[in-house]
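Participant: Okay, handing you the structure first.
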Amino acid sequence: MVSNPVHRLPFLPGTSFKDSTKTAFHRSQTLSYKNGYAVVRRPTVGIGGERLQVNQLSQAELDELANKAPILTYGQPKQAPPAEFIPAHVAFDKKVFLESQGIELNPPEKMALDPYTELRKQPLRKYVTPSDFDQLKQFLTFDKQVLRFYAIWDDTDSMFGECRTYIIHYYLMDDTVEIREVHERNNGRDPFPLLMNRQRMPKVLVKNAKNFPQCVLEISDQEVLEWYTAKDFIVGKPLTILGRTFFIYDCDPFTRQYYKEKFGISDLPRIDVSEKEPPPVKQELPPYNGFGLIEDSVQNCFVLIPKAPKKDVIKMLVNDNKVLRYLAALESPIPEDKDRRFVFSYFLASDMISIFEPPVRNSGIIGGKYLGRTKVAKPSSTAEDPIYYGPTDFFIGAVIEVFGHRFIILDTDDYVLKYMENNAAQYSPEALLSIRNRIQKQEAPAPELENKQTREDPPGVQELEALIDTIQKQLKDHPCKDNIHEAFQIYDQEASGFVDKERFFKICDSLNLPIDDSLIKELIRLCSHGEDKINYYDFVRAFSN
């Protein structure tokens, strides 16, 4: 019976003992390699490093014992040494035919071809560098030397296209090209620094490489027949890169020196590509419709929110309350308009004109305001360049056209004569001559003209003129006769020639006029217009010489 060598107990169920302190259960390595050859190793310890209960002789000692012949001729012979230990994975290594196990296989068949294996059998591609080109020498010679070109891309032919500026860098060390964008302030574009990253640019592709997916794969020498070089970048010539045609218009001084030394080109031009400002578009103004002032209406064509035109404040202050008055007749083919008379008032402060028609009894025409205060443009002027009537255009015999109606100036008041005398240099000889003739007629009136005027004037006019002459003789030396006309003008802002009766009597009281006189009462009656208006023009005439 086999017993346990450690505890001297038989190997029977229940008598075996397991060491609980044992933690290592690895087996010894029986095979190793030395200089690339497999070498058999006999284990010296058991599992977990336990002692083996076998003879621990070396291989040499075992060989010696196996070959040693016994000397004694009697006795029990010694047992032969055990056979050499060979692990199973070594004994059956690289042994695959199964006839030893009684298994018959089919005859060998032809193996299927593998595309990858066949591709590997092809000869490797050889890279042949020309003997006269040295990349290392190029790198060391042209390191940090860059040609700089200034170019534009004109895309104005497309919708919303524009002309944009770029900088093209050509690196001499490896023949690569880089395109940078030139951004201007507030141009509305994102500040991307590069249009094209630094890379070699193909100039001519092989015939079958036109459909090469350049956007995902890098182009190699097999797809390119010719690359872009420095000689392809010439100032003044277009250059197509990535489907865009760039026009090179200038370069930096280093590039000019390089082209002069390398290619013998010394006259690289500098081309002016600055955008020329287009001619200003002439604003066509609509025709004047006759309402308001031209300057006021034109403001609606210039800005969204129109502003009032600027006024000459100094002129308004100097010429405040200065009005030139003229008597005019309407030039009309209608017989009823021949006897109509109009009073033109020219305001020197604003160059505006107002027209008033004095009422005439039993004429069938209602008098009153004919034209409100406004500027009147001459017929020959346009809306773009209006020319208005000025004080030099008004003189006796002058024709004034107001919105299609023609008026002839017949007479002026005394203030106009003084104004023309003080500003004679501004008036034409024709205007000055008309005034001289008028003064001469006043000094020596012709009797026949007076009789004719008496025959033509209606009875009411004759009575008014006779009454005015009588009052003028009685009030020849009245102290306030020079201020009467100006006093009424202050309250007649529209220069209509009329004031209300209440205002009229207040002005007369302030000037100490003898309104209780019978002649003055009769004059007020003849100058009355309706129930509440009085024509102060005729009234003032009685107090003037």
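The values are calculated or read from the model by the stated rules, or taken from the named source; none is laboratory data. Here the structure is a predicted model, which means the values were calculated and not measured. Ideal geometry is used to build each Cβ from the backbone, glycine not excepted, and the neighbour counts take in all protein chains shown. The protein model used for the area step is the full one, side chains on, heavy atoms only, and it has no ligands, DNA or RNA in it. Shrake-Rupley method; radii C 1.70, N 1.55, O 1.52, S 1.80 Å.
Participant: Go through (1) modelled with pLDDT under 85; (2) polar (S, T, N, Q); (3) touching a strand residue (DSSP E or B) at 6+ places or on another chain (Cβ under 8 Å) for residue 135 and report which single condition fails.
Facilitator: (3)
Participant: On the basis of being over 30 Å from residue 296 (Cβ atoms), modelled with pLDDT of 85 or more and either outside any loop (DSSP other than H, G, I, E, B) or open to solvent by less than 100 Å² (accessible area, probe 1.4 Å) (or both), does residue 469 make the cut? Reasoning before the result, please.
Facilitator: Numbers: over 30 Å from residue 296 (Cβ atoms): yes; modelled with pLDDT of 85 or more: no; either outside any loop (DSSP other than H, G, I, E, B) or open to solvent by less than 100 Å² (accessible area, probe 1.4 Å) (or both): yes.
Here the answer is no, as residue 469 does not meet what is asked.
Participant: Tell me the residue from 184, 218 that is modelled with pLDDT under 85, within 23 Å of residue 248 (Cα to Cα) and open to solvent by 60 Å² or more (accessible area, probe 1.4 Å), please.
Facilitator: 184
Participant: Limited to the stretch 496-520, what total is found for residues that are open to solvent by 50 Å² or more (accessible area, probe 1.4 Å) and modelled with pLDDT of 75 or more?
Facilitator: 8
Participant: Any residue in the stretch 135-164 that's over 17 Å from residue 246 (Cβ atoms) and part of a loop (DSSP other than H, G, I, E, B): show its pairings with residues that are of a type in the set (A, V, I, L, M) and at pLDDT 85 or above at Cβ separation under 9 Å, as long as the two are six or more apart or on different chains.
Facilitator: Hits for this filter: 142/172; 142/173; 143/172; 143/173; 144/173; 145/172; 145/173.
Participant: Here is a follow-up. So, in the stretch 366-385, of the ones that are open to solvent by 50 Å² or more (accessible area, probe 1.4 Å) and free of Cβ contacts under 8 Å to residues at least 40 places away in the same chain, which residue ends up farthest from residue 408 (Cα to Cα)?
Facilitator: Applying the filter and picking the extreme gives 385.
Participant: How about the stretch 154-181: which of its residues are open to solvent by less than 60 Å² (accessible area, probe 1.4 Å) and under 19 Å from the mean Cα position of the chain (by Cα)?
Facilitator: Once the filter is applied, which keeps residues that are open to solvent by less than 60 Å² (accessible area, probe 1.4 Å) and under 19 Å from the mean Cα position of the chain (by Cα), the stretch 154-181 yields 155, 158, 161, 163, 164, 165, 181.
Results for (1) basic (Lys, Arg); (2) open to solvent by 30 Å² or more (accessible area, probe 1.4 Å); (3) at pLDDT 85 or above, shown as yes or no for each residue.
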{"site": "261", "(1), (2), (3)": "no, yes, yes"}
{"site": "265", "(1), (2), (3)": "no, yes, yes"}
{"site": "278", "(1), (2), (3)": "no, yes, no"}
{"site": "282", "(1), (2), (3)": "yes, yes, no"}
{"site": "303", "(1), (2), (3)": "no, yes, no"}
{"site": "324", "(1), (2), (3)": "no, no, yes"}
{"site": "352", "(1), (2), (3)": "no, yes, yes"}
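Participant: Which one of these does residue 405 not meet: (1) in contact with a Leu (Cβ under 7 Å, 6 or more places away or on another chain); (2) modelled with pLDDT under 85?
Facilitator: Of everything listed in (1) in contact with a Leu (Cβ under 7 Å, 6 or more places away or on another chain); (2) modelled with pLDDT under 85, residue 405 misses just condition (2).
Participant: List, please: which pairs have Cβ atoms under 7 Å, are six or more places apart or on different chains, and start with a residue in the stretch 394-409 that is closer than 12 Å to residue 378 by Cβ and end with one that is hydroxyl-bearing (Ser, Thr, Tyr)?
Facilitator: Final answer for the pair search is 400/389.
To keep it simple, each residue is scored yes or no on (1) at pLDDT below 80; (2) in a helix (DSSP H, G or I); (3) open to solvent by less than 70 Å² (accessible area, probe 1.4 Å).
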{"position": "409", "(1), (2), (3)": "no, no, yes"}
{"position": "421", "(1), (2), (3)": "no, yes, no"}
{"position": "425", "(1), (2), (3)": "no, yes, no"}
{"position": "438", "(1), (2), (3)": "yes, yes, yes"}
{"position": "441", "(1), (2), (3)": "yes, yes, no"}
{"position": "453", "(1), (2), (3)": "yes, yes, no"}
{"position": "460", "(1), (2), (3)": "yes, yes, yes"}
